[in-house]
């Protein structure tokens, strides 16, 4: 309820930005603009597109925010496409190998 509550209508700072690479910040800015311009539906479509194009980048962005901070629409999109947060985290960790 207070200022620290976080808003689903806009992105807070990532909790763990160490996951993010330079190109991830660029993509994150695009997602923020998409959400600001088109709302949750536009964000969901953009996330699906990013998952299809670069699942590892999407996983890093998700990891930076932590699953409990992501809008429910993104969780739904993941599940609809057969992904879990745990699987995406494992993919990202393997990539760091």
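Results, tabulated for the structure shown:
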{"quantity": "Where a residue in region 52-73 is part of a helix (DSSP H, G or I) and its partner, wherever it lies, is modelled with pLDDT under 70, with Cβ under 7 Å and at least six apart", "calculated": "56/95; 62/70; 69/6"}
{"quantity": "Of all residues making up region 64-97, the number that are modelled with pLDDT under 80 and touching a helix residue (DSSP H, G or I) at 6+ places or on another chain (Cβ under 8 Å)", "calculated": "18"}
{"quantity": "Selection from region 77-86 of residues that are over 12 Å from the mean Cα position of the chain (by Cα) and surrounded by 13 or more Cβ atoms within 10 Å (Cβ to Cβ)", "calculated": "83"}
{"quantity": "Of all residues making up region 34-48, the number that are without any contact (Cβ under 8 Å) to a residue 24 or more places away in the chain and either exposed (fewer than 13 other Cβ atoms within 10 Å of the Cβ) or in contact with a strand residue (DSSP E or B) (Cβ under 8 Å, 6 or more places away or on another chain) (or both)", "calculated": "2"}
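The values are calculated or read from the model by the stated rules, or taken from the named source; none is laboratory data. What you are looking at is a predicted structure, and each value in this text was computed from that prediction instead of being measured. When we count neighbours, we look across all protein chains shown, and the Cβ atoms used for this are built from the backbone with ideal geometry, even at glycine.
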